[in-house]
1. Would you mind finding the one in Arg81, Arg50 that is within 9 Å of the ligand (Cβ to nearest atom) and outside any loop (DSSP other than H, G, I, E, B)?
2. So which of Leu20, Leu42 is more than 12 Å from the ligand (Cβ to nearest atom) and either free of Cβ contacts under 8 Å to residues at least 40 places away in the same chain or in a helix (DSSP H, G or I) (or both)?
3. Could you pull out the residue among Tyr197, Tyr145 that is aromatic (Phe, Trp, Tyr) and farther than 24 Å from Ile233 by Cβ?
4. When you check Gly251 against the structure, is it at pLDDT 95 or above, among the small types (Gly, Ala, Ser) and out of contact with any strand residue (DSSP E or B) (no Cβ under 9 Å at 6 or more places or on another chain), yes or no?
5. Can you tell which of Ile199, Ile222, Ile210 is more than 15 Å from Leu283 (Cα to Cα) and surrounded by 17 or more Cβ atoms within 10 Å (Cβ to Cβ)?
6. Any chance you could count how many residues in segment 150-177 are touching a Phe, Trp or Tyr at 6+ places or on another chain (Cβ under 6 Å) and closer than 24 Å to Asp228 by Cβ?
7. List every residue pair whose Cβ atoms sit under 9 Å apart, with the two residues 6 or more apart in sequence or on different chains, where the first one lies in segment 74-96 and is under 20 Å from Lys106 (Cα atoms) and the second, anywhere, is within 12 Å of the ligand (Cβ to nearest atom) and of a type in the set (Lys, Arg).
8. Report the residue count in segment 47-90 for those that are loosely packed, with under 14 Cβ neighbours inside 10 Å and in contact with a strand residue (DSSP E or B) (Cβ under 9 Å, 6 or more places away or on another chain).
Amino acid sequence: MILITGANGHFGKATIESLLKKGIDKNKLVGMVRSTEKGKDLVEQGVAIRIGDYNNYASLQEAFKGAHKLLLVSGTELEHRSKQQVDAVKAAKEAGVIHILYTSAKRRPDISNSPIQLVLNSHIDTENAIKESGMAYTLLRSNLYMDLLPWFLGEKVLENGIFFPAGDGKVGFTLRTDMAEAAANILMGNGHENKTYNISNPQSISFGEIAKLLSEISGKTINYHSSDSKTYIDTLTGAGVPQAYALMLAGFAEAAKQGEFVSGETDLMKLLGREPVAVKQFLANVYSKFTQS
Ligand SMILES: NC(=O)c1ccc[n+]([C@@H]2O[C@H](COP(=O)([O-])OP(=O)(O)OC[C@H]3O[C@@H](n4cnc5c(N)ncnc54)[C@H](OP(=O)(O)O)[C@@H]3O)[C@@H](O)[C@H]2O)c1
């Protein structure tokens, strides 16, 4: 049996959808969610659910029973994530899971100066726990979701242009459903044990290049302005954006500027058996509807 955690979240849900599309036997698939209410859609699709919370060890022991393969989707509570996920790995081992997949993050070998250290530390702790557990593993070191681009660009990008302090840094933005399909292929395939994959679009793109693409799509000139981090944070908080939110965006921008998200070697095409969706296509899908008059 294959068990997917975070099954009501974007990634878990997309992985389950991909597995169903590829014809997986529904009786061999279970989604873990935090409440029955959150699993309603899955049950409607004929997928069984189990209730589990990374903060409740006993619930994980119960939820993981009988699972041979487990896709551990990383959690969202950054300050607690290391403990939560190390516990989940321990519970998986105890429950007899044979092969664990984990949605980790792409990173440079030395993260000591990384602006997103807090995000990365919990991934490293989890990867270490997985390797020490003795279970077979597949680590999905994923690049930034392309789906986050509108968040980085801001709601008024077509009117105001791009204001984001990422300099000329390039990012291998990758569509979440492409990543989920790669996970589904691994879950249904063979030969992925004890592998670490880089899940990234092969093409990296800068925000200046994104501005040019948006100009083409919208027929208007979209400029890109990269300030220093402090000016960016002050501008956002001055416009009413909560400080934690502004700091998070600035951290991602700084990491992009430092080249943290450049694609490098990637396993995504091999895992998908096709080209992943490119940023140009994504931007056209999202923004062309706003530009038709
Ligand atoms: N590569 C990237 O660019 C990127 C960007 C953002 C996030 N991420 C990471 O990738 C993960 C998956 O992305 P996503 O888009 O699917 O995020 P998402 O839609 O927010 O889904 C997160 C899932 O994790 C579950 N979860 C959170 N805390 C939990 C806990 N204590 N116990 C059990 N389940 C818990 C959530 O359940 P509830 O609905 O009950 O909260 C939800 O199902 C994220 O959680 C995050 O770690 C990656």
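1. Result: Arg81 is the single residue among Arg81, Arg50 that is within 9 Å of the ligand (Cβ to nearest atom) and outside any loop (DSSP other than H, G, I, E, B).
2. Values: Leu42 fails: more than 12 Å from the ligand (Cβ to nearest atom).
The conditions single out Leu20.
3. Details: Tyr145 fails: farther than 24 Å from Ile233 by Cβ.
Within the list Tyr197, Tyr145, the selection yields Tyr197.
4. Values: at pLDDT 95 or above: no; among the small types (Gly, Ala, Ser): yes; out of contact with any strand residue (DSSP E or B) (no Cβ under 9 Å at 6 or more places or on another chain): yes.
No.
5. Answer to the selection: Ile199.
6. Selection size over segment 150-177: 6.
7. Taking only residues 6 or more apart or on different chains, the pairs are Ser74/Arg81; Gly75/Arg81.
8. Of the residues in that region, 2 qualify.
The values are calculated or read from the model by the stated rules, or taken from the named source; none is laboratory data. What you are looking at is a predicted structure, and each value in this text was computed from that prediction instead of being measured. A quick note on method: Cβ atoms are made from the backbone with ideal geometry, for glycine too, and the neighbour counts reach across all protein chains shown.
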